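A short write-up of the structure that comes next.
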Amino acid sequence: MRDGSASWLEKVWRRTSLVQRLTCVALAPTAISAVLLVTLLTRHQMDTLHEMGRSTADAIAQQAATVSGDALRSEQRRELGRIAQSIVQLPQVSRVRIADRDGEILADRVNGSVEDDDSLTVSRDVLDPVTQRVVGAVTVDVSVEDAVAAQRASVHNALVWLTLSLLIAVMIGWSAARWMSAPLRNLAIAVRQLGLGDRTVVVPVTDDTEIGDLQRGFNGAASKLLHAQIGMEREIATATDELARKNAALEAASVAKARFLAAASHDLRQPLYALTLFSSGLAVDEFDPVRLNRIAHIQECVESLDHLFSELLDLSRLDTGAMKAAPRDLSLDEVFEEVSVNFRMVAEQHDLRLVVRTTDLWVNTDRTMLARILNNLVSNALRYTRCGGVLVGARRREDGQVRIDVWDTGLGIPKEHVDHIFDEFYRVESGPEAGRPEGTRRGLGLGLSTVQRLAGLLGTRATVTSKPGRGSVFSLTLPEVLPNPLPEAPPVAAPEPGVPRDVAGMRVLVIDDEPSILAGISFLLGSWGCEVMTAEDAQQAMEAVHMWMQPPDLVISDLRLREGTGLDVLALLDRYYRRRPGDPPPFARVLITGETRGDFLASVDTTTKVLYKPVSPERLHDVMVSAWSVHHAAV
């Protein structure tokens, strides 16, 4: 109960203002003292009145006993009645009774004008004047009603004056409290202004007491805070300028890096592309095992260079924004099947298991980018797994997302490398035992960086969890959609007569401003049985087509030429063969380029196949057949 009372009083005290508290502290002792004093004085006065009334009653009773002795001894009732009547006429006497020694009342008189609601009764024995024996008794009732009424009036007046005094004291105390608390209120207002940001606030010093010390201390603290803020603002401005300069430098470095990668991926791919073509041509009509072994080593080195340049090209295309996501609803099982086909033989060659779990889940994403992400993750997992295998699976989450996981039982990633594993050019160097030997092919540390960048284009993020010595799991989430199977495609009809299943006999015009590339591709295509014409610019291309009676079956052109672009040459050839808007192209066309900038690639139409240098002979062969087939079907 006491705890509840203290809690209530504490709440009330917290809600009061400083003025109210000071007034309460000043008036509480005065009010308590005044109430106690009035109470004690009233009690004392009441006791005094009762004592005076009893003394008066005793004196009257004693006087009545003295004068009624003879009459009572002789039992003179008339005389006793006269005595009782004279006594009852005295002030404040309400009743007089005279009785003999046997208790018989001989005289009884009542004063009708005196209220006897509050009276004192006093009885005295009557003695015989001669023998001094008790011959009776006199009983007197004295009323104290008037005295009590007078006392009540006095108390009422005292309370009225006490109330007026307390009101005056409250007013004086309230004014004094306001005057005393004014400096503190000003300090509170100044602190509030200081908190709102007004650093120039100053409070006047009102006296030399502790409050004055507090005011001077506040002014000093506010002044120091103002100087500190000015200094901090200067430092922030300096740091902001420095940060802006550094950001500008970083942006310039990023732009320079993107330009360098774009230029390097184009300029360095030119000789690499020629090297690919010549190395492939070396094996044509060669049967000497020693030379074939040397050629195989050369091709292995070329493939390693191609892998490194492919990583640089992907980074360049991501930096320049050439890659755009084209999301659509697709079945995850189709992508999983592609990954399984790509890497099942690789896993078997190294005695590893590749488990790709079938799933009926559908997601909305870009199929090509998702396949590239999974191919990179599975390739890395197989590379760094020496025993066990790799598991690819997907599961539905409660938030409407699908989580795709790539598990492996490899060596795992040390904890200090996990936060940087997706950074560009970051590779975990863990010694020769880190994974399978890969011969000459070593990455630049861009594979997982490319995965994260592609995941960002898909609106998600790749994550990794790893335990060194036990393996890793790479995950990403994609939005789930309802299955939307496409109508079953009609059976592909058999190729019509005249549609080649190979490239032998094709009339191929090759346009490139690098003579070495022209020589290499001309040699390679010639070994495949193609009829090849080469050109370095638009004029030579027009001269070449004049030598054929019919349009070429296929035109292979570089995108960037010394004068104009390959697209300009293709448009010139279209006009030469009088192609009108809406007509199918007069020949199949393939662009081969090392360019990654989106403004160059955005103008390429859908009828033109695009390959990025260097192109392997197998890839070039497949694209040539595909481009010719699509062109023949359109015609």
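Where a number appears in this text, it was derived from the coordinates with a stated rule and is not lab data. Fair warning: this is a prediction, and the values are worked out from it, not measured in the lab. Cβ coordinates were reconstructed from backbone atoms using ideal geometry, including for glycine residues, and neighbour counts include every protein chain displayed.
Key figures
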{"quantity": "Cross-link partners of LYS613 among lysines (Cα-Cα below 21 Å; sequence separation of 8 or more within a chain)", "calculated": "LYS257, LYS324"}
{"quantity": "Sorted by Cβ density within 10 Å, fewest first, the residues LEU448, LEU572", "calculated": "LEU572, LEU448"}
{"quantity": "Order of MET542, MET345, MET506, MET624 - criterion: other Cβ atoms within 10 Å of each residue's Cβ, fewest first", "calculated": "MET345, MET542, MET506, MET624"}
{"quantity": "Residue exposure sequence - SER175, SER472 - by fewest surrounding Cβ within 10 Å", "calculated": "SER175, SER472"}
{"quantity": "Largest-first ellipsoid semi-axes for segment 148-214, taking √(5λ) over the Cα gyration tensor eigenvalues, angstrom", "calculated": "46, 12, 6"}
{"quantity": "Rg/Rh for segment 155-264, where both radii come from Cα atoms and Rh is the Kirkwood radius", "calculated": "1.54"}
{"quantity": "Quarter of the Cα convex hull surface for segment 350-414, i.e. its orientation-mean projected area (nm²)", "calculated": "5.4"}
{"quantity": "Among 604-611, 150-157, the order from most to least packed when residues are scored by Cβ within 10 Å on average", "calculated": "604-611, 150-157"}
